[in-house]
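Worksheet: the structure to be examined is printed underneath.
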Amino acid sequence: MSKGTMLSGMRPTGSLHLGNYFGALENWVRLQDEYDCFYFIADWHALTTGYEDTSDIKSNIDNMVIDWLSSGLDPEKCTMFLQSSVKEHAELHLLFSMSTPLSWLYRCPTYKDQLSQLKEKNITTYGFLGYPCLQAADILMYKADAVPVGEDQVPHVELTREIARRFNHLFEEVFPEPESKLTKAKVLPGTDGRKMSKSYNNTIALSDDPETVRKKVMTMVTDPARIRKDDPGHPEVCTVFAFHKVFNEEGVDEIGSLCRSGSIGCVQCKKILASKMAETLTPIYEKRQGLLERPAYIREVIESGNERARNIAQKTMSDVRKAMKIDW
Ligand code: TRP
Ligand code: SF4
C-alpha cells in the first residue's frame with residue numbers, strides 16, 4: 001500500500017524558536033518516516049501581511065531551511081520546496097478564486113483576528129482576504145490526505161475541503177478532501193512565562209548557541225512565592241518546570257517533589273534544566289554550524305525539492321485545466 005501524502009508549510013518570518021520547534025517541526029521530522037511528506041516555505045503567504053518591506057525575506061528563507069535541516073528534516077525522506085518557485089500554485093489560486101464566495105473568506109476566524117491584531121499594517125487587501133484560497137491551492141495541488149497543523153489553521157483546512165468539494169461538484173472529481181492532522185503539541189512558555197513570541201522578546205531561538213540558551217534559562221521566571229531556597233514551591237506555576245516537562249521527561253517528577261518540599265533551590269533546578277536542554281539542542285546547533293558552511297548544499301536541497309514538487313504540480317494543473325475546459 002502506498003503511504004498517505006502529507007503537506008504543510010511555514011511562512012518565512014524569521015528564525016524559528018523552541019515554540020515553533022515543539023509546536024510543529026518536531027512532528028514534521030517524525031512524519032517524514034511515515035508518510036510521503038511535502039514541506040514548503042510559504043513566501044507568498046508571508047507577503048500577505050508583510051508586503052511593504054521584503055528586505056529580510058531572502059535571508060529568512062535561507063535561515064528557515066537551515067532550521068529545518070538542522071532539526072532533522074532529510075531531503076532523502078521528504079520534499080522541501082519554495083512556494084514561489086512552483087508557479088502552478090499561483091494559477092490554481094487564481095482558478096479557485098473564481099469560484100470561492102467572498103462570504104467564505106470573510107467569515108474565516110483568522111481573517112477577523114489578524115485584521116484586529118495587525119491594525120498598524122494595512123492588510124485590508126485582496127491578497128490577505130484570499131490567504132486561505134492560496135493555502136487551499138497549496139494543499140490540493142499535491143492531493144494531500146492530511147495537513148499537520150496547529151489549532152489556528154483548522155479553519156483553513158476546512159475551507160480547503162469546501163473549495164475542493166465545490167470544484168469537484170462544478171467540474172470533475174479531481175481533488176480528495178484533506179483532513180487536519182492535529183498533534184499534541186508540547187507547549188513551551190516564553191522565558192517570562194507568557195506565550196513564547198518574538199513580539200514579547202521572550203523566545204529561545206533554535207539558532208541560539210548553547211551559552212546563550214544557558215543564560216536565558218538562568219533568567220527565567222520561577223514561582224514568585226519562593227523567596228528562600230527552602231520555601232516550598234509550586235512547580236505548576238513555574239516556567240522552569242514547564243521546560244523540565246519537555247526536556248527532562250524522565251526527571252520531571254522528581255524535580256516536582258523536590259520543589260514542593262523545598263529541598264531544591266531554583267538556581268540548581270535551572271542548572272539541571274540547562275544541561276538537559278543542551279543534550280537536545282547542542283546537536284541541532286552543531287548541525288547548523290556545519291550547514292552554514294555549505295550554502296550551495298542548501299540551495300541544492302530546495303532546487304531539487306522544487307523540481308519534484310513542480311512535476312506533481314504540472315500534472316495536477318493539466319487535470320484541472322481539462323476539467324475546467326480551459327486547456328485550449
Ligand atoms: N497558513 C500557514 C501558517 O501560517 C502556512 C501555510 C501556507 C500552510 N500554506 C499552507 C500550512 C498549506 C499548511 C498547508 O502556519
Ligand atoms: Fe521552579 Fe525549579 Fe524553582 Fe521549583 S525549584 S520554583 S520548579 S525553578
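Couple of notes before you dig in:
- A single member of THR212, THR160, THR183 is more than 21 Å from SER8 (Cβ to Cβ) and either among the hydroxyl-bearing types (Ser, Thr, Tyr) or within 16 Å of ligand 2 (Cβ to nearest atom) (or both), and it is THR212.
- Residues of the range 190-222 that turn out to be in contact (Cβ under 8 Å) with a residue 40 or more places away in the chain and under 18 Å from ILE272 (Cβ atoms), as a count: 9
- Of the residues in the range 201-224, none is in contact with a Ser or Thr (Cβ under 9 Å, 6 or more places away or on another chain) and within 16 Å of ligand 1 (Cβ to nearest atom).
- VAL65 meets the conditions (1) of a type in the set (A, V, I, L, M, F, W, C); (2) under 14 Å from ARG299 (Cα atoms); (3) part of a strand (DSSP E or B) in every case but one. The failed one is (3).
- THR239, sole failed condition from (1) of a type in the set (S, T, N, Q); (2) in contact with a Gly (Cβ under 6 Å, 6 or more places away or on another chain); (3) within 16 Å of ligand 1 (Cβ to nearest atom): (3)
- For the condition of a type in the set (Phe, Trp, Tyr), surrounded by fewer than 18 Cβ atoms within 10 Å (Cβ to Cβ) and at pLDDT below 95, TYR21 does not qualify.
- Subset of the range 240-249 [under 12 Å from CYS266 (Cβ atoms) and touching a Ser or Thr at 6+ places or on another chain (Cβ under 7 Å)]: VAL240
- Against the conditions (1) out of contact with any strand residue (DSSP E or B) (no Cβ under 9 Å at 6 or more places or on another chain); (2) closer than 28 Å to GLY50 by Cβ; (3) in the same structural domain as THR54 (by TED's automatic domain parsing), THR183 satisfies every one except (1).
The values are calculated or read from the model by the stated rules, or taken from the named source; none is laboratory data. What you are looking at is a predicted structure, and each value in this text was computed from that prediction instead of being measured. Every residue, glycine as well, gets a Cβ built from its backbone with ideal geometry; the counts of neighbours run over all protein chains shown.
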